[in-house]
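The values are calculated or read from the model by the stated rules, or taken from the named source; none is laboratory data. Model, not experiment: these values are computed from the prediction. Cβ: placed from backbone, ideal geometry, glycine included. Neighbour counts: every protein chain shown. When the accessible area is computed, the model is the full protein with side chains, heavy atoms only, and any ligands, DNA or RNA have been set aside. Shrake-Rupley method; radii C 1.70, N 1.55, O 1.52, S 1.80 Å.
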Amino acid sequence: MNVITNNKWIGQRTIRPDGVDKVTGRAAFAADTTMPGMIWGKILRSPHPHARIKSIDTSKALALPGVKAVVTARDIVDFPVDKSVMLGIQDMRWMCRNVMAREKALFPGHPVAAVAATTEAIAAKACELIEVDYEVLPWAIEIDDALKADAPILHEFNKFEGKPSNIAGKLEVKKGDIAQGFKEAEVVIERTFTTRPVHQGYIEPHACLISVAADNKTTIWSSSQGQFMVRAMTSYLTGIPQSDIRAIPAEIGGGFGGKTIVYLEPLATLLAKKSGRPVKMVMTREEVMRATGPTSGSKSTVKIGAKKDGTIVAAQGTFYLQAGALPGSPIRGAVGCSFSPYDIPNVLSVGYDVLSNRSKVAAYRAPGAPIGAFAVECVMDELASALKMDPLELRLKNAARQGTKAAHGPVFPRIGYVETLEAAKAHPHYAAPLGKLQGRGVASGFWFNAGGESSAQVNITEDGNVVVTTGHPDIGGSRAAIANVCAELLGIDYRQVSVLIGDTATVGFSNLTGGSRVLFASAMVVTQSTEKVITTLRERAAKIWEIDPEAVKWENGAAHPASPNAGQFEPLTLAELAAKAPQMGGPIGAGVQLNTEGAEGGFGTHICDVEVDVELGIVRVIRYTAVQDVGRAVHPGYVEGQMQGGVAQGIGWALNEEYIYNKDGKVDNPGFLDYRMPVCSDLPMIDTVMVEVPNPKHPQGVKGVGEVPLVPVMAAVANAVHHALGKRFYSLPMSPPKVLAALEAEG
Amino acid sequence: MAKLHVSTTINGEPMEFLCEPNDTMLDALRGPLGLTGSKEGCASGDCGACSILLDDRLVCSCLMLSAEAQGHEIRTIEGMADGEKLHPLQQKFLEMAALQCGICTSGMLVASDALLKKNPQPSEEEVRFWLAGNLCRCTGYDKIVRAVLETAQDMREARN
Ligand code: FES
Ligand code: FES
């Protein structure tokens, strides 16, 4: 369904601008840089899940030779708990308490102090010399424990319905009359599901290198999903004005949402300021697992009612999501996305943000949506079998289309959900025979996608090539897609376009790499910047030819005289115009800064085949097809890559990934050996079908593609397992011990 | 404690460095040797981002003491291309978009190179099991496996 044709570069699998650096080891990630005089920072972390900090004595640590600075919560700007200060979607009251425990340590691994010393070993030793007097408190890890009447309360100031509570927030989405809707239903299915917190699992641990001059001029070198976020959060937490902080985005070794907040930068900045030396901090994998991310664990109840002909008349969802130790779970994604693939007249969707003594959650690919979709799409599967309908038919019958008013508010413009269902139905995978102990499941998913602030600068070099600077860290090939867009508009070879990610001092404000917004937003600002450049180029040619600029057209990388002057002058190429720039008005370049609008939500439909090893309890995914409404695939290789990567993460979430807590309230598996993410031999090839229904609100038709592919996966796998065994798992992960227990219970 | 002096060969060049007795080879590469192409994802032998060749044997450099490099030959990602000419695996990874963030890429390439040296005609299954020690969280492995299989075929054809 390739609707935009005749493109030279858009839709091509070009080589990414940063590619050679990344296959030769030259690319500089956060931990790859050093500075003269650099020293090392380390963090002392709480061993307790919940403890009041009565006092901290750092004198012995400071006395250790080689130690240059120590910081505690006292050095960090306090944001009192009674006044919210928002930075994007983050509340600085919680950020300030997340980077360093203030009144209480709230989870094992919560930072309590940080040390900078001449070597990592001395810094680690100094951490051991810090004496913290804790008053250990009772704790709660799981949702049910945190919601008990006599549960230990994490934050005395947090009230729900007038009483101190571990419920930190509630969000409700309503459409129609839910009671009436269920009255009309002839078949109703209601089920309760649980999912476990899972980590984003980026392979690059958090790292930064920071120097602060005596006048507070600060240089931050770190990897994150947003250098402007790093600058702002560091400024808020250290008191150094944003104009004094230059945040340089290193190459980032994966984020998936987990690097949309800071952990180290404020601490390293304060250590660098105190010591007068550049400070480098690198987390260990264990620190990453104990103290960063993950996404929420959850408990959801979903009820869907339909007529006998399959028309869904009512749907209700209640989603409890773990926030970790500080408020802020992604209930918006669970509440808002779960029912959006369907046109349902009566919907009630409610989410609760639940505190407990685990590390504070961070965004993870379509935050909240996969949790909700797991419950809804499993119920859809049960509903289809209760109605004796094909599960894709049931979805088609109720699918959201152009004009559908989604439960979360908006009326959909032209969307491609139906097309994903039809493509899935028509795919040979859907009709392929299955063997013994094999099963097939399908599921759909939706994610909002985001627009927001972006800046770009497009400059023509003196030799007639192009440098594009944007403000979004590139995690998955966005530079390649931007080169395609700019080269297409200019009509030049894509290799003439260099695409760079600017630091906070060299490019205008750009919001995070997150919400699947990067290509949507940056293609928009790059398009407008390039169009301005083309206008300048036409004006220059007009001046040289002494004709009206309107009579000059830009084609194939050159200015051509248009009618009535067509053929009168030889075309002027980009290189020729660039060479003449000094005489003809000066440098050629343009920048655009926008609050981009028109990001439309995306839909996916997945087909999964599994085979169950009933001896070992292992579920293997043996075939997988992901179909997605991708808008326009500017660089198909990286769109497919997003889809395949999302599916792989979902398979991990469905089958293996979970934190194991011990009786002391600590994570027992804080490493890659026991926190089992999918490895190469666990997975099959992941087939992709890109349905291209261009976003009408974007110059290239771009729609975010990065997050949708995680949303349907867990349900697709669970539905397949159900099909294979006739047994449904309501709780993730469907790991070997659980599968064996379920098979044994059956006898 | 005095540092240890190590003489070794890295990417064909004789090299010397000083290290602590408990430094890993990865520490030495990324520290005194300045070869930061090998990455540290776990320091426990579970992610493969630090993969190097020790006398043509694939090892996790985070599990090897740097002093053990004495008298041996080490190859890292920095030695994979022949000057300006990329190794066929490097070229194929680029053409097939077999990397997203790129943090696993050095290790993937070093490991794949070791595989093709041993087994120029691997099956998909052999590639998958060989690379099972190299975690990638971005790609779902699909394009990586395809790139290795295609490179193997290209290299076989080039030899024939
Ligand atoms: S860093 Fe060596 S295996 Fe992960
Ligand atoms: S490309 Fe990011 S981990 Fe492999």
Does any residue in the range A:139-151 that is closer than 21 Å to A:Pro47 by Cβ come within less than 6 Å, Cβ to Cβ, of a residue that is hydroxyl-bearing (Ser, Thr, Tyr) and open to solvent by 10 Å² or more (accessible area, probe 1.4 Å) six or more places away or on a different chain, and which pairs are these?
-> A:Ile141/A:Tyr661
Just name the residue that is surrounded by the fewest Cβ atoms within 10 Å (Cβ to Cβ) out of those in the range B:11-32 that are more than 12 Å from chain A (Cβ to nearest Cβ) and among the aliphatic types (A, V, I, L, M).
-> B:Leu18
Has the range A:47-59 got any residue that is small (Gly, Ala, Ser), assigned by TED's automatic domain parsing to the domain that holds A:Lys274 and within 18 Å of A:Glu120 (Cβ to Cβ)?
-> no
Hey, does the range B:71-89 have a residue that's touching a helix residue (DSSP H, G or I) at 6+ places or on another chain (Cβ under 8 Å), within 16 Å of ligand 2 (Cβ to nearest atom) and without any contact (Cβ under 8 Å) to a residue 12 or more places away in the chain?
-> no
Could you list, in sequence order, all residues of the range A:92-148 that are hydrophobic (A, V, I, L, M, F, W, C) and surrounded by fewer than 17 Cβ atoms within 10 Å (Cβ to Cβ)?
-> A:Ala121, A:Ala124, A:Val136
Could you tell me which residue of the range A:624-678 is nearest to the other protein chains (Cβ to nearest Cβ), considering only residues that are open to solvent by less than 20 Å² (accessible area, probe 1.4 Å) and β-branched (Val, Ile, Thr)?
-> A:Val647
Of the residues in the range A:1-52 that are surrounded by 22 or more Cβ atoms within 10 Å (Cβ to Cβ) and among the basic types (Lys, Arg), the one that is farthest from the other protein chains (Cβ to nearest Cβ) is A:Lys42
If you go through A:Ala566, A:Ala505, the only one that is within 38 Å of the chain's Cα centre (by Cα) and either not in a helix (DSSP H, G or I) or not hydrophobic (A, V, I, L, M, F, W, C) (or both) is A:Ala505
In the range A:253-298, the residues that are within 16 Å of ligand 1 (Cβ to nearest atom) and within 23 Å of A:Ala126 (Cβ to Cβ) = A:Val282, A:Met283, A:Thr284, A:Arg285, A:Glu286, A:Glu287, A:Val288
Could you please tell me which pairs satisfy a Cβ distance under 6 Å, a separation of 6+ or placement on different chains, a first residue in the range A:166-178 that is more than 16 Å from A:Gly305 (Cα to Cα), and a second residue that is charged (D, E, K, R) and open to solvent by less than 30 Å² (accessible area, probe 1.4 Å)?
-> A:Ala168/A:Asp353; A:Gly169/A:Asp353
Would you check which residues across the range A:678-721 are among the β-branched types (Val, Ile, Thr) and part of a helix (DSSP H, G or I) and list them?
-> A:Val708, A:Val713, A:Val717, A:Val721
Give the residue, chosen from A:Ala575, A:Ala480, that is within 20 Å of A:Ile10 (Cβ to Cβ) and either among the charged types (D, E, K, R) or at pLDDT 95 or above (or both).
-> A:Ala480
Examine the range B:49-64 for a residue that is over 15 Å from the mean Cα position of the chain (by Cα), open to solvent by 50 Å² or more (accessible area, probe 1.4 Å) and modelled with pLDDT of 95 or more, and state whether such a residue exists.
-> no
(1) of a type in the set (Gly, Ala, Ser); (2) within 12 Å of chain B (Cβ to nearest Cβ); (3) touching a residue at least 12 places away in the same chain (Cβ under 8 Å): which one isn't true of A:Ser681, the others all being true?
-> (3)
Return a yes/no flag: does the range A:256-265 have any residue that is away from chain B (no Cβ under 14 Å), under 30 Å from A:Gly646 (Cα atoms) and of a type in the set (Phe, Trp, Tyr).
-> yes
Condition test on B:Leu94, is it in the same structural domain as B:Lys143 (by TED's automatic domain parsing), of a type outside the set (Asp, Glu), surrounded by fewer than 24 Cβ atoms within 10 Å (Cβ to Cβ) and within 16 Å of ligand 2 (Cβ to nearest atom)?
-> yes
Check whether at least one residue in the range A:199-213 is open to solvent by 60 Å² or more (accessible area, probe 1.4 Å), without any contact (Cβ under 8 Å) to a residue 12 or more places away in the chain and either among the small types (Gly, Ala, Ser) or within 16 Å of ligand 2 (Cβ to nearest atom) (or both), and report yes or no.
-> no
Unique residue being closer than 25 Å to A:Gly351 by Cβ, modelled with pLDDT under 95 and within 28 Å of the chain's Cα centre (by Cα) when the list is A:Gly409, A:Gly445 | A:Gly409
Mind checking which pairs have a first residue in the range B:124-137 that is more than 16 Å from ligand 1 (Cβ to nearest atom) and a second that is not in a helix (DSSP H, G or I) and not hydroxyl-bearing (Ser, Thr, Tyr), Cβ under 7 Å, 6 or more apart or different chains?
-> B:Glu126/B:Asn119
Restricting attention to the range A:302-338, the residues that are in contact with a Gly (Cβ under 7 Å, 6 or more places away or on another chain) and either within 22 Å of A:Lys170 (Cα to Cα) or open to solvent by 20 Å² or more (accessible area, probe 1.4 Å) (or both) number exactly 15
For B:Gly41, indicate whether it is open to solvent by less than 30 Å² (accessible area, probe 1.4 Å), in contact with a helix residue (DSSP H, G or I) (Cβ under 9 Å, 6 or more places away or on another chain), within 14 Å of ligand 1 (Cβ to nearest atom) and assigned to a loop (DSSP other than H, G, I, E, B).
-> yes
Being more than 15 Å from A:Thr301 (Cα to Cα) and aromatic (Phe, Trp, Tyr) is the filter here, so list the residues in the range A:353-394 that pass it.
-> A:Tyr364
